[in-house]
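Structure first, commentary second.
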Amino acid sequence: MSPYPTPPPSLAAVAPLRQQVSDLHRELVRYQLVVWTAGNVSARVPGLDLFVIKPSGVDYDRLTADSMIVCDLDGTVVDGDLAPSSDTAAHAYVYRRLPEVGGIVHTHSTYATAWAARGEPVPCVLTAMADEFGAEIPVGPFALIGDDSIGRGIVDTLRGHRSPAVLMRSHGVFTIGKDARAAVKAAVMCEDVARTVHITRQLGDPLPIAPADIDRLYHRYQNVYGQSTATTDPGASR
Ligand SMILES: [Zn+2]
């Protein structure tokens, strides 16, 4: 046993995350995924049972690192002057149940939410969708805010699913990622493919992609695609 006492948990890791989470909210605005004060981003604090989330009801252009709220995994505020996002309980539930998740995003982005209002999954009919989602984007149950039911619906739908995005029925989009930036990317891509597949539907029935091809695209993109291999991978197109 070490002769030295265990140091107290440090909140040093929280400061850069406050800035990152504040900055990532600007991406929701930039990609037109949110209106007014709807939507939110959160990030798990590595090594601590805490996460950083947006305050409730504050305009996007007034968000700062200092205005972000730090909560424990029960959703109780441990640092911050404002009330946390009204979706804090849902974020906390997901962090408790899915330890691999490092970031969560929620939006009511228009096209994806239109699919959610129909309660219809977005079918995987685009190669970009196979890359990012590896499957259809699934629909989660109808759930009211105020208890664990939204969080439970997210976890029950996404656990074991390749998609990092779920369309909560009649509500909107929740995405997860290994960190907050990955969850924001999933939210941006979710809206993009929801829009394209919607427009496709106006033209007629989208053509299916064979499941084996979806598998190949997904594995290649998840395991090969990226800056470090781009020079040796002439097939990389983005
Ligand atoms: Zn919402």
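For the reader, a short list of remarks on this structure follows.
- The chain - mean residue ellipticity at 222 nm from DSSP helices (-39,500 (n - 2.57) per run, n ≥ 4, rounded to 500): -12000 deg cm²/dmol
- In order along region 32-39, the Karplus-derived 3J(HN,Hα) couplings, from 6.51 cos²θ - 1.76 cosθ + 1.60 at θ = phi - 60°, round to 6, 9, 9, 10, 6, 10, 5, x Hz, and Gly and Pro are given as x.
- Per-residue packing, averaged as other Cβ atoms within 10 Å, sorts the ranges 162-173, 195-206, 135-146 into the order 162-173, 135-146, 195-206, beginning with the highest.
- Think of each Lys and Arg Cβ as +1 and each Asp and Glu Cβ as -1; about the Cα centre, that makes the dipole of region 17-115 roughly 240 debye.
- What the pair-distance distribution of region 150-232 shows, using all Cα-Cα distances binned every 5 Å from zero, is 3, 11, 15, 22, 22, 16, 8, 2, 0 percent.
- Once backbone amide H atoms are built at 1.01 Å from N, L50 has V45 as its partners under 5 Å, excluding neighbours fewer than 5 places away on the same chain.
- Mean-position separation - Cα centroids, region 161-214 and region 21-85, in angstrom: 23 Å
- Residue-normalised convex hull volume from the C-alpha trace of region 1-101: 112 Å³ per residue.
- Placing unit charges on the Cβ atoms only, positive for Lys and Arg and negative for Asp and Glu, gives the chain a dipole magnitude near 320 debye about its Cα centre.
- Acute angle (nearest 10 degrees) that the helix 14-30 long axis makes with the longest principal axis of the chain, alpha-carbon atoms: 30 degrees
- Per-residue surface analysis assigns D213 an accessible area of about 60 Å², computed on protein heavy atoms at 1.4 Å probe radius.
- Principal semi-axes in Å for region 9-225 [√(5λ), Cα gyration tensor, largest first]: 29, 18, 16
- Rounded accessible area of V29 (nearest 10 Å², 1.4 Å probe): 70 Å²
- Surface analysis of region 72-129 yields an accessible area of 41 Å² per residue, using protein heavy atoms and a 1.4 Å probe.
- Treating r as the C-beta distance of K178 and A128 and R0 as 25 Å, the FRET efficiency rounds to 0.80.
- Measuring nothing but how far apart in sequence close Cα pairs (under 8 Å, 6+ apart) lie, relative to its length, the chain scores a relative contact order of 19 percent.
- Amide H contacts under 5 Å for V78, placed H, 5+ residues apart: V70, C71, D72
The values are calculated or read from the model by the stated rules, or taken from the named source; none is laboratory data. Everything numeric in this text was worked out from a predicted model, so none of it was measured. A quick note on method: Cβ atoms are made from the backbone with ideal geometry, for glycine too, and the neighbour counts reach across all protein chains shown. The area values use the complete protein model at the heavy-atom level, side chains included, leaving out ligands, DNA and RNA. Shrake-Rupley method; radii C 1.70, N 1.55, O 1.52, S 1.80 Å.
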